[in-house]
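Comments concern the structure below.
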Amino acid sequence: MRIFKVKKHLESGNKRNWVLLSSLSVFVILIISTVVFTIYTASLSDRVILLDKKELTIILANNELNHELVELSSLTKLNEESNLLGFIRSSSIFYIKSEESIAKLP
Amino acid sequence: MPRLKVFTILIYLAFALVIGRLFYWQIIKGDALSASVRFQHEAGYVISAPRGNIKAHDKSFLVASQDNYLLFASLNELSLSPTELSNELAPFLAEDQSVVGIKNEEMQIKEALSRTGVVWVPIKHQITSTVKKNIEALKIRGIGFDPEEGRFYPEASSAAQLLGFVGKNSQGEDKGYFGLEGYYDLVLSGKPGFMEREEDVFGDPILIGKVKEIGAIEGVDLVTYIDKTVQLALDVELKKGVEKYGAKSGSVIVMDPMTGGVLGMSSYPNYDPSKYWEYGNEFFLNPAISSSFEPGSVFKVIVMASALDAHIVNPDTKCETCYGPLKVDKYSIETWNNVYHPNSSMTEVIVNSDNVGMAFTARKLGEERMLDYLKKFGIGSRTEIDLQGESSPALRSDKDWSEVDLVTAGFGQGIAVTPIQLIRAVGAIANRGILMKPKVVSELTAGDREFAVDKNEGVRVISQETSSLITAMMVEAAKHGESKWTYQKGFKVAGKTGTAQIPIAGHYDADKTNASFIGFAPYDKPKFIMFVTLQEPASSPWASETAAPLWYTIARKLFLYFDMQPEGE
């Protein structure tokens, strides 16, 4: 009878230890996962900021290229530059009939 | 044992107190506390919606959106004195790069920096990214840049009155004024978005925090019928023409009569829309759509077309009153050169620009029919062109027409029109009798999507046969009329000059005139119709010596551009 009581006592002690160990493990896992998750989200946040900055840089670069394109497509500037390079409009235009032969060999 | 009980009760009480306190702070005062610290961790940003661009018919840019900046100074953080800073910045910011210009800029910067009771001062708005980069390279502490949207005009002041400009409204927001910017302000503006998010102490976003975002809707691009080559030719030649003929001002419109699409519209003097604040209000109105004038002889083709369409006359009808001046009431109607052509045909009346002949035609047409046709041609009502600032001189009310009014309207006096009304009306003759609504914008584009603007169906005002008859008369007028010396042989031009006296305080000014020429080519399948008008030309009062040669100077460029070959006539 006494042996049975001692055994029972030992069993209940093991059970308590087991519960304590399990709770502790869960608690440790919880803490570790919280830390890991926090670090992970912090690093994600950092990546988002980096991407935001990259996006802004690309948008600004794109806008600048667009502006350059618009500036270069200016006919007024092209006219001015062609004049500076010595191109001039012909003052008199000669229209030729399509069937007219020019310098045709006999 | 009682001690243990007391201790247990105290523990419970302490616990209840903590719970109660937590309940108070978190549940009862939670919202208020949260609100009071919200500004520390919540930030809101306006997501800008770039204004739409305005493009020519080939999708090249007439107006483009551009990133500009506001240069500001935080006075507490400045590393330089106001004098030193203004000396450093002025060479980059002065528009006038002369010594005086730079000195003026220095003064302005110094004045801005010397403001008291403020820590932040704006120094200059709308500076370009190139200027920003140059200033950043100076590495001056205490100055910074805020982005602000700007407009870039690659063709400078070309078509300024047609495009309009972007200014500020009373709330300090961007707003389009006049022309296309004013008319399409709502679609060009887009709708700014807003983002609210939680941020950490460094201003970086907290990913698991609250985020609210309303996306921005970008402004829509306008694609116009404007042809840059045509537009620039108009700008250059009109300026030269106004200077050459000593005119006060001038306007030119080129339109495709088949579609009503405006290919070019220019007025001189004009203004630079990127520096609109340097000009007076009188520069902003577009005379081509807002200035009314008595058209004179160019109006004869409309009255003659009405009479032909009503079968009152035909091209061979003889004028029975063309032998001399015509007495109407107390007025005497004379020809422009006091030369009279008895029994001239209606074609000759148009060719000779005969006022007496037109008085005869107007009388035959009668008041009721004349008014009916004028209204059909759109005289007295707005064309509803898609430009802000259009006006329309009212047509005299039906019961107020006298015999003299009827007769003088026959040759374009005592009646007022705007250039756009006139080109629209004569455009109906060029378009086989169908009146089109003038349009500047052909489609709206948003990203890859394109939306055509409402379809321009047109309304028939005269029969096709009448349009052929009046066109033939205009061809004869161009070939043999008073401007025949400037006629360009072989290009199938139908045209008419108009010299109108200017009414001032109830009478006509004896010296001042408005000179106009309207014409289209080729007359059998018109590629363009063009109207040229010069106000008070000093070199000659006659349109045949001012507006007509200017019309042909521009037309010669257009003949080449539209691949028109001369044909034997």
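The values are calculated or read from the model by the stated rules, or taken from the named source; none is laboratory data. Just so it is clear, the structure is predicted and the values come from calculations on it, not from any experiment. When we count neighbours, we look across all protein chains shown, and the Cβ atoms used for this are built from the backbone with ideal geometry, even at glycine.
Pairs are defined by a Cβ separation below 8 Å, a sequence spacing of at least 6 or placement on different chains, a first member in the stretch A:20-45 that is within 30 Å of B:Glu199 (Cβ to Cβ), and a second member that is polar (S, T, N, Q) and surrounded by 10 or more Cβ atoms within 10 Å (Cβ to Cβ); no pair meets this definition. Taken together, B:Gly458, B:Gly495, B:Gly481 contain a single residue that is at positive phi, of a type outside the set (Asp, Glu) and in contact (Cβ under 8 Å) with a residue 24 or more places away in the chain, which is B:Gly458. Residues that are among the small types (Gly, Ala, Ser) and either outside any helix (DSSP H, G or I) or facing another protein chain (nearest Cβ under 10 Å) (or both) within the stretch A:47-79 comprise A:Ser73, A:Ser74, listed in sequence order. Please determine whether any residue of the stretch B:274-296 is buried (at least 16 other Cβ atoms within 10 Å of the Cβ), away from chain A (no Cβ under 14 Å), in contact with a Phe, Trp or Tyr (Cβ under 8 Å, 6 or more places away or on another chain) and farther than 27 Å from A:Ser74 by Cα. For the stretch B:274-296, residues buried (at least 16 other Cβ atoms within 10 Å of the Cβ), away from chain A (no Cβ under 14 Å), in contact with a Phe, Trp or Tyr (Cβ under 8 Å, 6 or more places away or on another chain) and farther than 27 Å from A:Ser74 by Cα: present.
Quick one: count up the residues across the stretch B:164-208 that are of a type in the set (A, V, I, L, M, F, W, C) and within 14 Å of chain A (Cβ to nearest Cβ).
The number of residues fulfilling the criteria is 6.
Is it true that B:Glu42 is over 30 Å from B:Glu155 (Cα atoms) and touching a strand residue (DSSP E or B) at 6+ places or on another chain (Cβ under 9 Å)? Yes; evaluated as a whole, the condition is true for this residue. Considering the conditions (1) β-branched (Val, Ile, Thr); (2) in the same structural domain as B:Tyr271 (by TED's automatic domain parsing); (3) closer than 21 Å to B:Gly447 by Cα, B:Ile217 is excluded by exactly one of them, (2). Scanning the stretch B:148-172 for residues that are among the hydroxyl-bearing types (Ser, Thr, Tyr) and touching a Leu at 6+ places or on another chain (Cβ under 8 Å) gives B:Tyr153, B:Ser158. Looking only at residues of the stretch B:297-317 that are among the hydroxyl-bearing types (Ser, Thr, Tyr) and crowded, with 24+ Cβ neighbours inside 10 Å, we find that the one that is farthest from the chain's Cα centre (by Cα) is B:Ser306.
With respect to (1) assigned to a strand (DSSP E or B); (2) exposed (fewer than 12 other Cβ atoms within 10 Å of the Cβ), the lone exception for B:Leu17 is condition (1). Only a single criterion out of (1) crowded, with 24+ Cβ neighbours inside 10 Å; (2) in contact with a Pro (Cβ under 6 Å, 6 or more places away or on another chain); (3) farther than 26 Å from B:Lys492 by Cβ is not satisfied by B:Ala416, namely (1). Restricting the stretch B:32-87 to residues that are of a type in the set (Phe, Trp, Tyr) and within 13 Å of another protein chain (Cβ to nearest Cβ), the residue that is nearest to B:Ala446 (Cα to Cα) is B:Phe61.
Scanning the stretch B:211-225 for residues that are in a strand (DSSP E or B), under 20 Å from B:Ser60 (Cα atoms) and within 13 Å of another protein chain (Cβ to nearest Cβ) yields one hit, B:Asp221.
Got a sec? Which of B:Ser540, B:Ser483 is out of contact with any strand residue (DSSP E or B) (no Cβ under 6 Å at 6 or more places or on another chain) and either surrounded by 24 or more Cβ atoms within 10 Å (Cβ to Cβ) or of a type in the set (Ser, Thr, Tyr) (or both)?
B:Ser540
Checking each residue in the stretch B:281-312 for being closer than 20 Å to B:Leu238 by Cβ and assigned to a loop (DSSP other than H, G, I, E, B) picks out B:Phe284, B:Leu285, B:Asn286, B:Ser291, B:Ser292, B:Pro295. Would you point out the residue of the stretch B:524-569, among those that are within 26 Å of the chain's Cα centre (by Cα), outside any strand (DSSP E or B) and of a type in the set (Phe, Trp, Tyr), that is nearest to the other protein chains (Cβ to nearest Cβ)? Among those that are within 26 Å of the chain's Cα centre (by Cα), outside any strand (DSSP E or B) and of a type in the set (Phe, Trp, Tyr), it is B:Phe559.
Going by the conditions given, is B:Ile109 within 14 Å of chain A (Cβ to nearest Cβ), crowded, with 18+ Cβ neighbours inside 10 Å, more than 30 Å from B:Gly250 (Cβ to Cβ) and free of Cβ contacts under 8 Å to residues at least 60 places away in the same chain? Considered against the rule, which asks whether it is within 14 Å of chain A (Cβ to nearest Cβ), crowded, with 18+ Cβ neighbours inside 10 Å, more than 30 Å from B:Gly250 (Cβ to Cβ) and free of Cβ contacts under 8 Å to residues at least 60 places away in the same chain, B:Ile109 comes out as no. The set of residues in the stretch B:57-109 being of a type in the set (Lys, Arg) and under 28 Å from the mean Cα position of the chain (by Cα) consists of B:Lys59 alone.
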